[in-house]
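Structure, as structure tokens:
The values are calculated or read from the model by the stated rules, or taken from the named source; none is laboratory data. Remember, predicted model here, so these are calculated numbers, not experimental data. Backbone-built Cβ (ideal geometry, glycine too); neighbour counts: all protein chains shown.
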Amino acid sequence: MERPPFRQSQQCGAWEMKEKLGTGGFGHVYLYQHQETSEKIALKLCRLELTPKNKERWSREIQIMKKLNNINVVTARDVPDEIKHIALNDLPLLAMEYCSRGDLRKLLSKPENCCGLKESEVLSLLIDVGSGIQYLHENKIIHRDLKPENVVLQEINGKLVHKIIDLGYAKDLDQGSLCTSFVGTLQYLAPELFENKPYTVTVDYWSFGTMIFECSCGFRPFLHNLQPVQWTNKVRNKGPKDIMAVEDMNGEIRFSTQLPYPNNLSRTLVEHLETLLQLMLKWDPVQRGGGIHQETKQPMCFAVLDQILTMKVVHILNMTSAQIHSFQLGPDEGLHVLQQRIEAETKIEHLNQELLQETGVSLDPRKPAAQCVLDGVRGWDSYIVYLFDKSLTKYSGPLSSRPLSENVNFIVREPKTQLPLTTLKKVWGEAVSYVCGLKEDYSRLFQGQRAAMLSLLRFNTNLTRQKNIMFAVSQQLKAKLDFFKSSIQFDLEKYSDQMHYGISSEKMLKAWQENEEKAAAFAQVAEVNHLEEEIMALHSEIVELQRSPYARRQGEVMEQLEEKAIDLYKQLKMRCRMPDPQHGYSDSEEMVKTILQTVKNQDQVLRDLYAHLSKILLSKKKIIDLFPRIEKSLDNIKEADTTVMQMQIKRQREFWHLLKIACAQNSSRSSITHSPEVSNSPQVSGWSRQPASTPHPLTSLPGPNDGDSVPQLLAENQKYLNQLTSLMQETSEEQSKSMVDQDWSWVKYESLTVQLQPL
């Protein structure tokens with residue numbers, strides 16, 4: 001941007017002039033900044049000499065600006081008192097909000113945008129400029145000079161907002177709905193304006209449609225290399241739905257109802273945008289816009305625009321083919337319905353489809369398909385969902401390659417052919433777009449690989465969690481088995497010691513021995529070392545994948561080639577600005593060489609990318625295959641744990657039942673011993689009366705389904721334990737072979753309690 005002329009005052013009180021922003025039809029625009037508050041304003045100064053008509057237009061612009069208030073129309077500000085004196089004549093100054101991101105022309109002039117803006121940028125333009133135009137029309141104002149230079153960009157809350165400026169040629173409809181006094185920028189004017197015919201608001205439809213076309217494709221729709229006076233007669237008889245007229249290399253004019261390739265738009269948006277442009281670019285001003293919509297009572301073209309802006313579109317990148325599919329979602333469309341539509345286009349069965357977001361999170365089948373359409377995020381270049389085929393772990397193609405445009409294909413076949421510089425400018429612009437597109441294609445596929453890696457890491461996290469659970473329960477089972485085996489071995493030893501004194505059960509002994517064998521078999525269930533080893537090996541494999549150089553972008557060479565293509569295009573544009581560029585010619589060898597190098601490099605990096613992606617998918621499949629094995633192991637451990645607990649409880653019940661019988665026998669003996677009939681009899685233990693060779697059979701051992709609760713059993717056992725302790729004290733002097741002389745420490749309540757606690 002230019003520095004302001006030295007004769008202009010650089011300082012006006014606390015306001016300092018920073019730079020000259022531009023020049024309009026009526027004057028210059030300067031940037032002023034307040035030194036204390038840092039507030040910035042754009043100040044428009046009227047030229048020293050203006051015709052009376054232009055003075056009237058200047059005053060009208062200020063009047064219109066002051067009464068408007070819309071986010072998509074630049075806002076007028078009060079002119080600071082310190083600055084008012086710099087006016088060059090008696091016409092007032094115009095102060096406006098400063099939009100720091102420049103105008104739309106600046107954006108369109110970037111080499112990477114020579115075939116149109118990105119889809120997200122086009123949609124943002126439709127929203128903002130469409131809203132601004134409707135606001136002006138609702139306030140009965142025709143702009144009459146809509147063009148990229150009169151749309152500026154401002155960042156508000158992190159979002160770029162388009163604002164309409166320069167209302168110097170705006171016409172207030174209160175002064176008459178038909179106007180005939182206008183001379184403006186001819187390239188974007190509706191035909192009736194530069195033919196000096198009556199016009200209405202539909203002139204803004206034509207200008208807006210021309211802007212939309214240029215932002216979508218990079219050039220104006222009708223013979224863009226010619227002035228309107230040159231192409232008017234050639235385009236006048238175009239079809240009612242024709243939205244483009246181009247002159248091919250043979251000099252023939254071709255009309256089309258479709259947007260040309262290359263562009264950066266999705267198929268879904270292109271179809272709707274063509275419908276909108278067919279309404280806005282009608283030659284007949286009466287038919288232009290499509291009339292009034294029956295339901296919304298707004299012009300048909302704005303009704304179609306609203307439909308475009310409200311439709312929900314999901315963009316799917318098929319990682320098996322590198323092809324992008326766009327689907328417009330119906331109201332409340334379920335994910336299953338979307339997957340069926342994806343299956344119809346990709347031939348990937350819906351059961352084998354895995355749809356990943358950029359974060360590696362799979363789409364939730366319980367939620368509607370709109371879950372992958374983010375609020376406020378528009379365009380396939382802003383958000384995309386990645387499609388994987390779960391039945392494959394190796395994607396071998398064929399991959400969908402970016403097609404060459406007809407013009408670029410020509411210079412690739414004939415790189416030495418000399419073409420006029422003006423023609424070559426358009427062809428090389430398409431070549432730059434192709435090279436940039438190859439780099440972006442790789443970037444999207446790399447993002448898909450990254451989503452697959454993030455998904456793998458999520459699966460790995462779940463695997464680690466399952467492994468830790470499996471290890472913990474296996475250790476618990478091992479501890480219980482160790483306790484159970486040592487406990488039953490101890491009980492079997494004590495059982496052998498006392499069975500010779502009259503209490504035994506072959507059935508119980510056999511059951512205990514079988515339980516010991518079962519416990520030994522369960523030790524194999526608790527062993528999960530083989531699974532742990534597989535999991536640890538898989539963890540190492542995933543770490544190596546993360547460390548691989550192919551886990552990082554490999555697009556440096558393509559970026560360098562993109563810069564080279566852009567430099568070649570800039571040099572060509574400079575040559576086109578030289579005197580008499582129509583007679584300049586050049587070949588395309590350097591540009592074609594750059595294209596071929598980019599294609600070759602992309603082919604190499606994609607081979608590396610897909611080789612790495614296949615390793616990621618293989619590791620993920622290994623994890624998926626491990627999950628049911630871990631689940632089965634957990635089920636087996638759980639079943640073994642439950643069985644061991646049941647065996648332990650059953651054995652405890654049998655043991656306490658044994659004590660119950662022993663206490664009952666001693667209670668009976670005690671009552672006999674204290675009766676008068678046997679008071680003089682020798683005090684011989686009732687247990688010792690039975691021959692050692694005929695142990696007492698236990699005929700009523702409790703079964704596994706005994707209904708007594710544990711508290712009841714403990715209370716009853718405490719009762720019998722007290723009786724047993726009393727009997728032991730009474731018979732402590734009895735003969736040495738009596739049962740009471742044996743070691744009864746194994747039945748003490750405290751010892752049994754300790755044994756019961758771990759269970």
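Numerical summary
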{"read-out": "Criterion (at pLDDT below 80 and either surrounded by 15 or more Cβ atoms within 10 Å (Cβ to Cβ) or more than 21 Å from LEU160 (Cα to Cα) (or both)) met by exactly one of LEU43, LEU48", "value": "LEU48"}
{"read-out": "Extreme residue, farthest from CYS217 (Cα to Cα), among residues of the stretch 391-437 that are part of a helix (DSSP H, G or I) and touching a Lys or Arg at 6+ places or on another chain (Cβ under 8 Å)", "value": "LEU421"}
{"read-out": "Failed item, numbered, when VAL304 is tested on (1) more than 30 Å from ARG444 (Cα to Cα); (2) part of a loop (DSSP other than H, G, I, E, B)", "value": "(2)"}
{"read-out": "Evaluation of GLY330 against (1) in a loop (DSSP other than H, G, I, E, B); (2) under 17 Å from the mean Cα position of the chain (by Cα); (3) under 30 Å from GLY290 (Cα atoms) (one fails), failing number", "value": "(2)"}
{"read-out": "Yes/no for VAL201 being over 26 Å from LYS106 (Cα atoms), touching a helix residue (DSSP H, G or I) at 6+ places or on another chain (Cβ under 7 Å), assigned by TED's automatic domain parsing to the domain that holds CYS114 and in contact (Cβ under 8 Å) with a residue 24 or more places away in the chain", "value": "yes"}
{"read-out": "Some residue of the stretch 52-62 being hydrophobic (A, V, I, L, M, F, W, C) and touching a residue at least 40 places away in the same chain (Cβ under 8 Å)", "value": "yes"}
{"read-out": "Filtered residues of the stretch 511-565 (kept if among the hydrophobic types (A, V, I, L, M, F, W, C) and modelled with pLDDT under 90)", "value": "ALA511, TRP512, ALA519, ALA520, ALA521, PHE522, ALA523, VAL525, ALA526, VAL528"}
{"read-out": "Of residues in the stretch 237-255 being small (Gly, Ala, Ser) and in a loop (DSSP other than H, G, I, E, B), the one modelled with the highest pLDDT", "value": "GLY239"}
{"read-out": "Pick from the stretch 544-603, criterion among the hydroxyl-bearing types (Ser, Thr, Tyr) and assigned to a loop (DSSP other than H, G, I, E, B), ranking: farthest from PRO111 (Cα to Cα)", "value": "SER548"}
{"read-out": "Candidate set from the stretch 182-236 (those that are under 20 Å from LYS140 (Cα atoms) and of a type in the set (D, E, K, R)); member that is modelled with the highest pLDDT", "value": "ASP204"}
{"read-out": "Any hit, the stretch 259-274, residues being aromatic (Phe, Trp, Tyr) and either within 28 Å of the chain's Cα centre (by Cα) or surrounded by 16 or more Cβ atoms within 10 Å (Cβ to Cβ) (or both)", "value": "no"}
{"read-out": "Subset of the stretch 26-55 (residues that are part of a loop (DSSP other than H, G, I, E, B) and of a type in the set (S, T, N, Q))", "value": "GLN35, THR37, SER38, THR51"}
{"read-out": "Answer from LEU626, LEU561, LEU634 - the residue that is assigned by TED's automatic domain parsing to the domain that holds MET453, within 30 Å of ARG444 (Cβ to Cβ) and not charged (D, E, K, R)", "value": "LEU561"}
{"read-out": "Which listed residue, of PRO80, PRO111, is farther than 20 Å from ASP128 by Cα, modelled with pLDDT of 85 or more and touching a helix residue (DSSP H, G or I) at 6+ places or on another chain (Cβ under 9 Å)", "value": "PRO111"}
{"read-out": "When residues of the stretch 182-233 are limited to those that are under 22 Å from GLU121 (Cβ atoms) and among the acidic types (Asp, Glu), the one surrounded by the fewest Cβ atoms within 10 Å (Cβ to Cβ)", "value": "GLU214"}
{"read-out": "Among the candidates GLN298, GLN278, residue that is more than 30 Å from TYR585 (Cα to Cα), surrounded by fewer than 19 Cβ atoms within 10 Å (Cβ to Cβ) and within 37 Å of the chain's Cα centre (by Cα)", "value": "GLN298"}
{"read-out": "Hey, GLN447 more than 30 Å from GLN560 (Cβ to Cβ) and either within 46 Å of the chain's Cα centre (by Cα) or not hydroxyl-bearing (Ser, Thr, Tyr) (or both) or not", "value": "no"}
{"read-out": "Residue within the stretch 94-104 that is assigned by TED's automatic domain parsing to the domain that holds ASP204, more than 17 Å from TYR30 (Cα to Cα) and not in a loop (DSSP other than H, G, I, E, B) present", "value": "yes"}
{"read-out": "One residue from LEU136, LEU94, LEU126 being among the hydrophobic types (A, V, I, L, M, F, W, C), buried (at least 18 other Cβ atoms within 10 Å of the Cβ), over 43 Å from the mean Cα position of the chain (by Cα) and on the phi < 0 side of the Ramachandran plot", "value": "LEU94"}
{"read-out": "Test: GLY291 is small (Gly, Ala, Ser) and either farther than 24 Å from ILE133 by Cβ or out of contact with any Leu (no Cβ under 8 Å at 6 or more places or on another chain) (or both)", "value": "yes"}
